[in-house]
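Chemist: One structure coming up, written as structure tokens, with questions to follow.
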Amino acid sequence: MKTDTDIGDTRPAEGVERGPRHVAIIMDGNGRWAQARGRPRLFGHHAGARRVREVVECCPSLGIRYLTIFAFSTENWKRTQVEVAGLMSLFRRYISKEMKALAAQNVRVRFIGDRVRLDKKLIALMDALERETEGNEGTQLTIALNYGGRDEVARATKRLARDVADGKLDPADVDEETLPKYLDTCVLPDPDLVVRTSGEARISNFLLWQSAYSEYEFIDTLWPDFTAEELAALCRSFGARDRRFGAVKT
Ligand code: FPP
């Protein structure tokens, strides 16, 4: 299994050495952005997808090696059938359309979340994109699709319990290093910075285990208005933070 240290480095640009290596984003506000323009919510999601492209492209220059984006949560199925179907179709389109560009930009794409509820066509495209980009050592893009932090921990626990039942794992050896090996994110480092757009200050079941010591930024910008410049500013302000991970300065 590949681990962080095996994955080739991307070069941090001048002045961003103290910036976050792993940024995770809750891309919120597409619906309000569309409604403010008198358009249907899906119009906002399409605009949001264009922002994904811009943000992925600016990662190398900001020294961001890992980008994780929350595209669809386990709770988002509660939306109208029209919106859910529109989002699924947008994901299929995004993957088909962006596959070449992502591969050419040396981006490696992974998906996290539970695939069981997704349609076969979408799963096939996700597999193809992962396969197509698996040798890439540039930006490591993770797309959370039908993802929920609690669901992820429950699925991980199920796998861990199975290993115990099969005699592969001794319960006495289970510690806080054990569970992450069973999470969808097992090959990724924890996020340094979690950003949520649109003025909401909650984490909505995103990377619950992994963000224990992440820095958070809740910003008012709606996702379709988010820019590379804004991300650069967030990275600079991250660099000025004093991260102690529970320790005190001596
Ligand atoms: C939350 O905004 C956004 C989502 C549930 C979907 C996120 C999806 C995209 C940005 C589309 C593209 C993604 C990829 C990977 C191609 P919201 O609709 O809840 O906004 P609201 O709070 O204003 O209603």
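Taken together, the values in this text are just the output of simple stated rules run on the coordinates, not laboratory data. Here the structure is a predicted model, which is why all the values come from computation and not from measurement. With ideal geometry, Cβ positions are generated from the backbone for all residues, glycine too; neighbour counts draw on all protein chains shown.
Chemist: Based on the alpha carbons, how large is the Rg to Rh ratio for region 31-127 when Rh follows Kirkwood?
Modeler: Values: Rg = 14.3 Å, Rh = 14.8 Å.
Rounded to two decimals, Rg over Rh is 0.97.
Chemist: Sticking with this structure for a sec: Could you pull out every whole DSSP H run in the chain that spans at least 18 Å of Cα extent along its own axis and averages 0.0 or higher on the Kyte-Doolittle scale?
Modeler: Span-like helices here: 81-104.
Chemist: Based on other C-beta atoms within 10 Å, arrange His22, His46 from fewest to most.
Modeler: Taking fewest neighbouring Cβ atoms as first place, the list is His46, His22.
Chemist: In addition: Modelling each spin label as a point 7 Å along the Cα-to-Cβ direction, I'd like the Glu83/Thr178 distance in nm, to one decimal.
Modeler: 4.0 nm
Chemist: Moving on. Can you figure out the FRET efficiency of Arg243 with Met99, using R₀ = 35 Å and their beta-carbon distance, to the nearest 0.05?
Modeler: FRET efficiency, Arg243 to Met99: 0.45.
Chemist: Pairs of Cα atoms under 8 Å, at least six residues apart: use those to get the relative contact order of region 24-70, whole percent.
Modeler: So the answer I get is 47 percent.
Chemist: Right, here's the next one. Set the Förster distance to 25 Å, then compute FRET efficiency between Arg159 and Lys121 from the Cβ-Cβ distance, nearest 0.05.
Modeler: 0.40
Chemist: Would you mind calculating the relative contact order of region 147-209 from Cα pairs under 8 angstrom and at least 6 residues apart, reporting the percent as a whole number?
Modeler: 53 percent
Chemist: Take the Cα pairs of region 187-250, get the Kirkwood Rh, then feed it into Stokes-Einstein at 37 °C and 0.692 mPa s and tell me D in µm²/s.
Modeler: D, rounded to a whole number, is 249 µm²/s.
Chemist: Quick one: go through region 72-116 and flag any residue whose amide nitrogen is under 19 Å from the point 7 Å out along the Cα-to-Cβ line of Glu230.
Modeler: Counting only backbone N, you get 72.
Chemist: Going 7 Å from the Cα of Glu75 toward and past its Cβ, which residues in region 24-51 have a backbone nitrogen under 19 Å from where you end up?
Modeler: Output list for this probe position: 24-33.
Chemist: Same structure, new question: For Ile219, Ile64, Ile143, what ranking results if the residue with the fewest other Cβ atoms within 10 Å of its Cβ goes first?
Modeler: Ile219, Ile143, Ile64
Chemist: For a footprinting-style exposure proxy, rank Arg110, Arg50 by other Cβ within 10 Å, fewest first.
Modeler: Lowest to highest Cβ neighbour count: Arg50, Arg110.
Chemist: I need to check one value: relative contact order of the chain, counting alpha carbon pairs closer than 8 Å and at least 6 residues apart, in percent.
Modeler: Reported relative contact order: 29 percent.
Chemist: Post the alpha-carbon centroid distance, region 221-248 to region 31-94, in whole angstrom.
Modeler: Using only Cα atoms to place each centre, the spacing works out to 21 Å.
Chemist: Straight distance only, please: which lysines reach the Cα of Lys120 with their own Cα at less than 22 Å, same-chain residues fewer than 8 apart left out?
Modeler: Cross-link targets: Lys78, Lys97, Lys100.
Chemist: Continuing with this model, one more query. Please work out the Cα convex hull volume for the chain and give it in Å³ per residue.
Modeler: 144 Å³
Chemist: If you line up the Cα atoms of region 89-165 on their principal axes, what length do they span on each, largest first, in Å?
Modeler: Largest to smallest, the principal-axis extents are 44, 28, 18 Å.
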